[in-house]
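This report refers to the structure that appears directly beneath it.
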Amino acid sequence: MLRVRCLRGGSRGAEAAHYIGSRLRGAFTGWVQRTFQSTQAAAASQNTCAAVDKAASPVPKGCLVCSYNEWDPLEEVIVGRAENACVPPFSVEVKANTYEKYWGFYQKFGGQGFPKDHLKKAIAEIEEMCNILKGEGVIVKRPDPIDWSVKYKTPDFESTGMYAAMPRDILLVVGNEIIEAPMAWRARFFEYRAYRRLIKDYFNSGAKWTTAPKPTMADELYDQNYPIHSVEDRHKLAAQGKFVTTEFEPCFDAADFIRAGRDIFVQRSQVTNYMGIEWMRRHLAPDYRVHIISFKDPNPMHIDATFNIIGPGLVLSNPDRPCHQIELFKKAGWTVIQPPVPLIPDDHPLWMSSKWLSMNVLMLDEKRVMVDANETSIQKMFEKLGISTIRVNIRHANSLGGGFHCWTCDIRRRGTLQSYFD
């Protein structure tokens, strides 16, 4: 079997392993420590990798689902919906993932719809995005509209819903398999319901369909006293490997994983814990290798506005959130590009994200990228790389927490399974 090759940088891996190990039983501590082992012995796994190449399962004929990376020619995609989107209740996990200047917004509007005029503009932007994708020859599918304001209750908590705007957060396609993420926000517990009609259709076409273990989202999953009062607090906690989610049970958002053929990269974040990562590692082995990477990020949540792989051995790396293991990518022959500073105005509301959605782009293939029409600096960067830009304005849609990559989940890309990180 292939091992996880954790890409360790400095003391971060050791700190995280110590932190998790101190909180879990001895039997569980072992795999955490092994997850953070050095990758110096990775070369020894190349023969194993070659054997796996020969043993890879073929995609069934007629299957509509097949995607191995973020850049092969895009043929079919799910695009999210902003309809009926609701502000999540201001619970501890929401507080830990949002910035202080918006806390009053959540306290006032939690459980209610987002501002109507803003939402109307976001819906129109995404409709135009869908039309442009269709014009580029891509088949577009949409989740079902749902009333997210309905209150629900489980034995462990009660909440209202949020939206089905970001399929990247909840669905991960690996080869011909669709994996439903368990999620970590209580407001997103039932989000999968909006996608079930589509997933059943894909399953009937021959796709594999896996639902990761659903967490109870009981109080024990969250550090109820997570001490955040400022950005400085966030930096300190992140450097110590402390997050609002505990290791009580597995949880992860699909958007904390990013694919490059046989190698899948993931970060421990506010919504993805080590148990969730370990579940994915075991589930995907031996055909795929899961690597944990980390960043100087005060609020890690979803990897694709921090580290976005846009081609074979080509990655956008956020200069404000440097990757602790970036030298290993360079030694592997990857080209690392720092995108320019975003141009989005300071007064534009970003209730759930940062300005770095400018780098949250969607590759239609290696030479075409969907990028924000307002972000002229990154457009020029792509043009210098020989990549043509398809410009779409989704500024109001950005306010709901995502860019083009977040708003989509690529279902089928025309390509084959390859290794890019041996």
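The values are calculated or read from the model by the stated rules, or taken from the named source; none is laboratory data. Computed from a predicted model, the values in this text were never measured in an experiment. For neighbour counting, all protein chains shown are included, and Cβ atoms are generated from backbone atoms with ideal geometry for every residue, glycine included. SASA here: full protein model, heavy atoms, side chains in, ligands and nucleic acids out. Shrake-Rupley method; radii C 1.70, N 1.55, O 1.52, S 1.80 Å.
Some observations on this one:
- Enumeration of residues in the range 316-331 that are aliphatic (A, V, I, L, M) and open to solvent by less than 40 Å² (accessible area, probe 1.4 Å): LEU316, ILE326
- Of the listed requirements (1) farther than 28 Å from VAL392 by Cα; (2) open to solvent by 40 Å² or more (accessible area, probe 1.4 Å), GLY137 misses just one: (1).
- Residue within the range 166-182 that is in contact with a helix residue (DSSP H, G or I) (Cβ under 7 Å, 6 or more places away or on another chain), in a loop (DSSP other than H, G, I, E, B), open to solvent by 10 Å² or more (accessible area, probe 1.4 Å) and not charged (D, E, K, R) present: no
- Checking each residue in the range 387-402 for being in a strand (DSSP E or B) and touching an Asp or Glu at 6+ places or on another chain (Cβ under 9 Å) picks out THR389, ILE390, ARG391, VAL392.
- Of all the residues in the range 386-408, those that are more than 22 Å from TYR195 (Cα to Cα), open to solvent by 10 Å² or more (accessible area, probe 1.4 Å) and touching a residue at least 60 places away in the same chain (Cβ under 8 Å) number 4.
- Against the conditions (1) open to solvent by less than 50 Å² (accessible area, probe 1.4 Å); (2) outside any loop (DSSP other than H, G, I, E, B); (3) not aliphatic (A, V, I, L, M), LYS380 satisfies every one except (1).
- Qualifying positions in the range 141-165 - under 30 Å from GLU75 (Cβ atoms), surrounded by 17 or more Cβ atoms within 10 Å (Cβ to Cβ) and touching a Lys or Arg at 6+ places or on another chain (Cβ under 9 Å): ARG142, PRO143, ILE146, MET162, TYR163, ALA164, ALA165
- The range 281-297: number of residues that are modelled with pLDDT of 95 or more and either under 19 Å from VAL92 (Cβ atoms) or among the charged types (D, E, K, R) (or both): 4
- If you filter the range 98-134 down to residues that are at pLDDT below 95 and either in contact with a Cys (Cβ under 7 Å, 6 or more places away or on another chain) or among the charged types (D, E, K, R) (or both), you find that the one that is most open to solvent (accessible area, probe 1.4 Å) is LYS101.
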